Amino acid sequence: MKNLKLLAIAIITLTFSCKSDKKGESDYSVTKSDSEDIAAVRVSDEEMKRGSEIYFDRCAGCHGSSRLGATGTHLLPVRPEGSDKPGTLEFGTEGLKAFIENGTPGGMPEWKGIMTEQDIELMTRFLQVDPPEIPEYGMNEIANSWNLIVPVIDRPTKPEHNRNIDNYFGVIMRDAGKVAIIDGDTKEKLAVLKTGFAVHILRTSASGRYIYSVGRDGRITMIDTYTKIPTIVAEVKGGFDARSVEVSKYKGYEDKYLVFGGYSPSHIAILDAQTLEPLSVTPTSGNAADGDKEFIEEARVASIVASHTDPVWICNVKETGMVWIVDYTDPKNPNITQIPSARFLHDGGWDSTGKYFLVAANASNKIVVIDVPNKKLVKIIETGIKPHPGRGTNIKNDLGNLWVTSHLGENKLSFIKTNPGEGQWTVVKEVKATGNGGGALFVKSHPKSKHLWVDRTLNPNAELNSVVDVFDTNTLELKATLPAPEGVDGRAVHMEYNKAGNEVWVSYFMGQKSAIVIYNDKTLKVKQIIQGDWVENPTGKFNVYNTTNDIY
Ligand code: DHE
């Protein structure tokens, strides 16, 4: 009832005022111009700064840097014109607190126990006042953030150990803001390194020597695996908010360049891959690929992949639906081909030939196929509600060479035929995973495996978000549903093979007993469980050899 009253008040008229009590100390507050002035929401300068940090770290990815919404709803105080989504004032402090603490069935994770109570309380007020302006962040700011910790000349010229770097795993410890490097042969933890906040993905240099992490806070951390203990050799902040980086992999350009994709600011930055020195910044704001082609300011860079056949990266611009093919032969003036496709591009990966790139336009329920060497759109395929493939995965059976995507919005795996012949670039098979509802985030197989692994991370049902389904790649029948092993709990997320293709590493996070569980891919039995106080909410795992060579 109380919130309905607020709703009525909120719809009447609202004025946002920034009351300055003292010089330099301002109070951001909201007062309602109607007779009943409910307790004004107040946020001090200090709290505005802290709230912005938290927002960019944890919320911007889903709700947009300007809080206009993206895969998640807008978070503006007042419902935007024509939107069916209430403003945050309509929810009020209690309502927002409930959302932040418990998450939502639509995929927002719960933050209770991850954010402090104090931060949650601050965010309930921060979200009820107007978002602050996003400050400038370009070449100067990136250069000012650049920290070359170990100059190239001071680094070893060959490995200082005889471990098998090809089978190293980088494992993201998301909420700890750390990355663990594990020897995949011996399963020893070699290092747990402080990186950016809520690291999102890792990529490896074309030689496999360096591991790069990108945090949601836009911080890139470069890790050298030649040293006895993996070491951070350089860091730089490419923006306020990011999800992706990638390296140059074309012959002659190995370990030369790295590209950073910004959620905020909307830009790509090209850096020296040996030192992380910034070389150029190109804004990605631009006209939409479809509809009335309006100009879109906040055009965030989602997935990025590197071609092995051409000196280019494929950078996917979410809100415009433009696929950018960035030629890095002149990194200070990159030649960019923009291919209009479908809005809300998200994640994707290569087909088995490494020539075609398939990417989910997940909020448009489509998969876009790009012919990279010829820089052209091949097809846009409707697959289902919110496809979410990660990088997708490739399998082969009587139906042909198939690229697979799971879906966030429904229980469906779609198999797209990628080899020439009848049915190429169409969905030739659809199967269901266990139980009901969507929530799958990642799929994974390996050229040497007969199995396809699927998680269900964002399904609200704990019986489903804690298991992984394993399908037979020949029959596409469900072969096993593997529950979290004894002593492990939380959500299963992201599978990664070892170099040999006979082990599958699965993260269990957001529970009380996080773990990395290693399965024998043949027997589907648990081979080893890696746990410890350093295993804090593990998410993505990246095997050096498979990541370097795009094996999935
Ligand atoms: Fe991700 C990949 C964006 C939430 C774990 N995620 C990606 C990519 C993008 C993206 C654009 C592709 C990068 C590439 O290939 O270059 N992810 C986003 C979001 O915007 C979103 C929805 C909300 C957010 O705030 O970030 C989001 N992602 C999540 C999670 O909640 C996950 C499960 C855990 C976490 O890190 O918070 C998560 N995303 C991952 C992982 C990958 C990924 C592990 C890499 C998959 C791969 O195998 O390449």
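The values are calculated or read from the model by the stated rules, or taken from the named source; none is laboratory data. Predicted model only: the values in this text are computed from it and were never measured. When we count neighbours, we look across all protein chains shown, and the Cβ atoms used for this are built from the backbone with ideal geometry, even at glycine.
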Would you be able to say whether some residue in segment 149-167 is part of a strand (DSSP E or B), of a type outside the set (Val, Ile, Thr) and surrounded by 19 or more Cβ atoms within 10 Å (Cβ to Cβ)?
no
Anything in segment 497-550 that is at pLDDT 95 or above, acidic (Asp, Glu) and either assigned to a strand (DSSP E or B) or more than 14 Å from the ligand (Cβ to nearest atom) (or both)? List them, or say none.
Glu503, Asp521
Yes or no: segment 111-126 includes at least one residue that is hydrophobic (A, V, I, L, M, F, W, C), surrounded by fewer than 20 Cβ atoms within 10 Å (Cβ to Cβ) and closer than 30 Å to Ser285 by Cα.
no
Can you run down the residue pairs with Cβ atoms below 7 Å, 6 or more apart or on separate chains, where the first is in segment 216-235 and basic (Lys, Arg) and the partner is part of a strand (DSSP E or B) and away from the ligand (no atom under 16 Å from the Cβ)?
Arg219/Glu235; Arg219/Lys237
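Could you pull out the residue among Ala242, Ala234 that is crowded, with 24+ Cβ neighbours inside 10 Å, assigned to a strand (DSSP E or B) and more than 14 Å from the chain's Cα centre (by Cα)? So that I can check it myself, show each step before the final result.
Values: Ala242 fails: more than 14 Å from the chain's Cα centre (by Cα).
Testing whether each residue is crowded, with 24+ Cβ neighbours inside 10 Å, assigned to a strand (DSSP E or B) and more than 14 Å from the chain's Cα centre (by Cα) leaves just Ala234.
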Candidates Trp313, Trp350 - the one that is touching a His at 6+ places or on another chain (Cβ under 9 Å) and within 15 Å of the ligand (Cβ to nearest atom)
Trp350
Could you figure out which of (1) in a strand (DSSP E or B); (2) away from the ligand (no atom under 16 Å from the Cβ); (3) among the β-branched types (Val, Ile, Thr) isn't true of Thr227?
(1)
Which listed residue is more than 23 Å from the chain's Cα centre (by Cα), surrounded by 20 or more Cβ atoms within 10 Å (Cβ to Cβ) and either of a type in the set (Asp, Glu) or over 30 Å from Ala176 (Cβ atoms) (or both), from Phe415, Phe471:
Phe471
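Being under 23 Å from Gln338 (Cα atoms), surrounded by fewer than 22 Cβ atoms within 10 Å (Cβ to Cβ) and either among the aromatic types (Phe, Trp, Tyr) or at pLDDT 95 or above (or both) is true for just one of Lys366, Lys355. Which residue is that?
Exactly one of Lys366, Lys355 is under 23 Å from Gln338 (Cα atoms), surrounded by fewer than 22 Cβ atoms within 10 Å (Cβ to Cβ) and either among the aromatic types (Phe, Trp, Tyr) or at pLDDT 95 or above (or both), namely Lys355.
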Restricting attention to segment 281-309, which residues are in contact with a His (Cβ under 6 Å, 6 or more places away or on another chain) and closer than 23 Å to Pro389 by Cα?
Ala302
Select from segment 181-216 the residues that are more than 12 Å from the ligand (Cβ to nearest atom) and under 18 Å from the mean Cα position of the chain (by Cα) and write down the one among them that is farthest from Ala306 (Cα to Cα).
Thr195
When residues of segment 173-200 are limited to those that are over 19 Å from Tyr508 (Cβ atoms) and β-branched (Val, Ile, Thr), the one surrounded by the fewest Cβ atoms within 10 Å (Cβ to Cβ)
Thr186
Within segment 269-282, residues closer than 18 Å to Ser205 by Cβ and in a strand (DSSP E or B) come out as Ala269, Ile270, Leu271, Asp272, Pro278, Leu279
Can you list residue pairs whose Cβ atoms sit under 6 Å apart, with the first residue in segment 444-455 being farther than 11 Å from Asn394 by Cβ and the second being assigned to a strand (DSSP E or B) and not β-branched (Val, Ile, Thr)? Count only pairs 6 or more apart in sequence or on different chains.
Trp453/Lys444; Trp453/Met495; Val454/Asp469; Asp455/Ala492
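Tell me which residues, restricted to segment 236-251, are more than 16 Å from the ligand (Cβ to nearest atom) and in contact (Cβ under 8 Å) with a residue 40 or more places away in the chain.
Once the filter is applied, which keeps residues that are more than 16 Å from the ligand (Cβ to nearest atom) and in contact (Cβ under 8 Å) with a residue 40 or more places away in the chain, segment 236-251 yields Val236, Lys237, Tyr250.
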Among the residues in segment 294-303, are any more than 19 Å from Leu68 (Cα to Cα), within 13 Å of the ligand (Cβ to nearest atom) and crowded, with 23+ Cβ neighbours inside 10 Å?
yes
Helices (runs of 4 or more DSSP H) wholly inside segment 52-130 that include at least 1 residues being modelled with pLDDT under 85:
60-63
Answer yes if at least one residue in segment 419-435 is buried (at least 23 other Cβ atoms within 10 Å of the Cβ) and either under 20 Å from Gly511 (Cβ atoms) or among the small types (Gly, Ala, Ser) (or both), and no otherwise.
yes
